[in-house]
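Here's the structure we're looking at; comments come further down.
The values are calculated or read from the model by the stated rules, or taken from the named source; none is laboratory data. Here the structure is a predicted model, which is why all the values come from computation and not from measurement. Every residue, glycine as well, gets a Cβ built from its backbone with ideal geometry; the counts of neighbours run over all protein chains shown.
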Amino acid sequence: MSHTNRFRMPVLALAAGALLATGVAAQPASAHGGPPLRTLAHRADVRIGTAVDMAALADDRTYRSTTAREFDSVTAENVMKWESVEPQRGVYDWKPADDLVRYARAHGQVVRGHTLVWHSQLPGWLTAGVADGSIGAAELRVILRKHITTEVKRYKGRIQQWDVVNEVFEEDGSLRNSIWLQQLGPSYIADAFRWAHAADPRAKLFLNDYNVEGVNPKSTAYYELAKRLRAEGVPVQGFGAQAHLAIQYGFPGDVSANLARFEALGMQTAFTEVDVRMILPVDEAKLATQASYFRRLLDACLGARSCKSFTVWGYTDRYSWVPGVFGGQGAATPMDEGYGRKPAYGALGEGLAAGR
Ligand code: G3I
């Protein structure tokens with residue numbers, strides 16, 4: 001993942017710690033004169049959120065103030081993932097996640113928990129134990145239940161929505177052949193939701209994946225899974241479409257119809273990780289197309305009663321994950337590396353101002 005080289009100054013970290021503890025009370029008007037996105041979002045009855053890079057939050061004063069000013073929902077980009085919270089078996093590192101939850105409380109933001117069960121960013125002790133057979137299926141199920149219960153209980157009452165399982169289907173709608181499916185069978189999904197609900201009955205529990213924005217075999221697999229599990233009384237309460245889009249591909253079809261079918265099941269919906277990458281270099285036409293993609297996703301959310309949460313996966317190109325993964329691509333977020341507002345930022349503001 002590409003991060004702008006940051007020279008971390010201890011004094012900044014101390015200041016960050018102080019600020020994280022105190023936070024800022026009021027929301028100053030956004031520097032561009034218009035109201036901050038979160039002010040417009042409140043009027044539109046939707047949470048506007050961002051994934052948060054905790055290193056940037058500690059080191060970058062502008063990032064820290066902009067995150068507070070513009071967003072009323074935050075998602076841990078990495079620090080609530082299993083590799084981060086339990087790097088060694090039974091040894092926990094909650095500080096970064098605690099810092100985010102504290103920051104959110106100080107700034108009147110809700111928190112999306114990301115993510116409890118995934119095939120990626122698992123701690124090495126877990127994957128090695130499964131690989132060498134020292135952790136068998138029965139023990140793995142106990143370990144998974146303990147992980148979910150421990151993390152969800154720690155933040156009980158402070159997480160609005162949990163991405164309980166992340167990316168469990170392949171593009172063709174078949175179940176991803178992860179260690180969870182291999183070792184535990186498909187029942188791990190229902191178990192994860194039941195365990196999370198037992199640990200925090202108030203948190204809304206989501207399925208979450210990419211390439212499920214429109215109607216396709218993958219999103220239909222989620223629809224059928226949610227329909228079946230809910231009929232069995234499993235607390236599958238939300239469907240999250242990550243929406244990692246790219247302008248060189250078409251905009252997904254049937255987005256509103258897709259959200260509507262989950263809504264018809266009685267579920268909440270959300271866009272959870274929105275960014276719209278492009279092949280560099282940037283030009284005005286690409287930025288305009290990007291802005292249209294952000295706006296069309298937001299309009300689909302505001303057009304669905306069930307969609308009350310719209311989260312970008314980082315809001316400044318300065319810290320975006322995209323360049324480190326997609327060579328030659330980037331500029332995926334609503335602000336540039338210098339926090340300049342791109343047409344996509346304006347599109348979000350206009351969409352929020354237009355409301356439902
Ligand atoms: O923490 C280590 C650090 O100790 C080490 O020095 C550094 C250099 O290798 O790596 C750091 O770990 C990185 C981690 O982010 C934390 O910064 C990993 O290399 C890097 O691969 C990891 O990337 C994250 C990626 O998930 C992993 O798949 C991205 O930041 C994050 O934006 C991305 O987010 C995912 C969502 O969770 C799920 N949906 C897709 C989305 C994009 O892949």
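Remarks
- Condition check for Arg105: under 21 Å from the mean Cα position of the chain (by Cα), within 25 Å of Asp275 (Cα to Cα), of a type in the set (Lys, Arg) and modelled with pLDDT of 95 or more: no
- Within region 73-95, the only residue that satisfies the criterion of being surrounded by 22 or more Cβ atoms within 10 Å (Cβ to Cβ), assigned to a loop (DSSP other than H, G, I, E, B) and away from the ligand (no atom under 11 Å from the Cβ) is Glu86.
- The set of residues from region 165-183 being in contact with a helix residue (DSSP H, G or I) (Cβ under 8 Å, 6 or more places away or on another chain) and under 13 Å from Thr115 (Cβ atoms) comprises Val165, Val168, Trp180.
- Within region 154-198, the set of residues being under 20 Å from the mean Cα position of the chain (by Cα) and hydroxyl-bearing (Ser, Thr, Tyr) comprises Tyr155 only.
- Residue among Leu100, Leu116, Leu181, Leu175 that is in contact (Cβ under 8 Å) with a residue 60 or more places away in the chain and of a type outside the set (D, E, K, R): Leu116
- Scan of region 214-241 for residues that are away from the ligand (no atom under 13 Å from the Cβ) and either of a type in the set (A, V, I, L, M) or in contact with a Cys (Cβ under 6 Å, 6 or more places away or on another chain) (or both), ordered by number: Val215, Ala221, Leu225, Ala226, Leu229, Ala231, Val234, Val236
- With respect to being within 15 Å of Leu298 (Cβ to Cβ) and either among the charged types (D, E, K, R) or more than 18 Å from the chain's Cα centre (by Cα) (or both), Gly349 fits the description.
- Meets criteria (under 20 Å from the mean Cα position of the chain (by Cα), at pLDDT 95 or above and assigned to a strand (DSSP E or B)) for Val236: no
- The numbered conditions (1) crowded, with 19+ Cβ neighbours inside 10 Å; (2) closer than 23 Å to Asn208 by Cβ are all true for Ala68 except (2).
- Exactly one residue among Leu175, Leu122, Leu126 is surrounded by 14 or more Cβ atoms within 10 Å (Cβ to Cβ), under 26 Å from Tyr222 (Cα atoms), among the aliphatic types (A, V, I, L, M) and in contact with a Lys or Arg (Cβ under 9 Å, 6 or more places away or on another chain), and that residue is Leu122.
- Checked against (1) within 18 Å of Arg64 (Cβ to Cβ); (2) surrounded by fewer than 24 Cβ atoms within 10 Å (Cβ to Cβ), Ala304 passes all but a single condition, namely (1).
- Summed over region 239-296, the residues that are in contact with a Ser or Thr (Cβ under 7 Å, 6 or more places away or on another chain), in contact (Cβ under 8 Å) with a residue 40 or more places away in the chain and either within 22 Å of Pro217 (Cβ to Cβ) or acidic (Asp, Glu) (or both) give a count of 12.
- Every pair of residues 6+ apart whose Cβ atoms lie under 7 Å, when the first sits in region 195-208 and is in contact (Cβ under 8 Å) with a residue 12 or more places away in the chain and closer than 20 Å to Leu259 by Cα while the second is away from the ligand (no atom under 16 Å from the Cβ) and not polar (S, T, N, Q): Leu205/Phe193; Leu205/Ala196; Leu205/His197; Leu205/Pro235; Leu205/Val236; Leu207/Ala226; Leu207/Val236
- Applying the condition of being at pLDDT 95 or above and charged (D, E, K, R) to region 321-356 and asking which residue is nearest to His42 (Cα to Cα) yields Glu350.
- Single residue of Glu167, Glu151 found to be buried (at least 20 other Cβ atoms within 10 Å of the Cβ) and on the phi > 0 side of the Ramachandran plot: Glu167
- Taking region 96-116 as the range and being under 26 Å from His42 (Cβ atoms), within 16 Å of the ligand (Cβ to nearest atom) and not in a helix (DSSP H, G or I) as the test, the residues that pass are Val111, Arg112, Gly113, His114.
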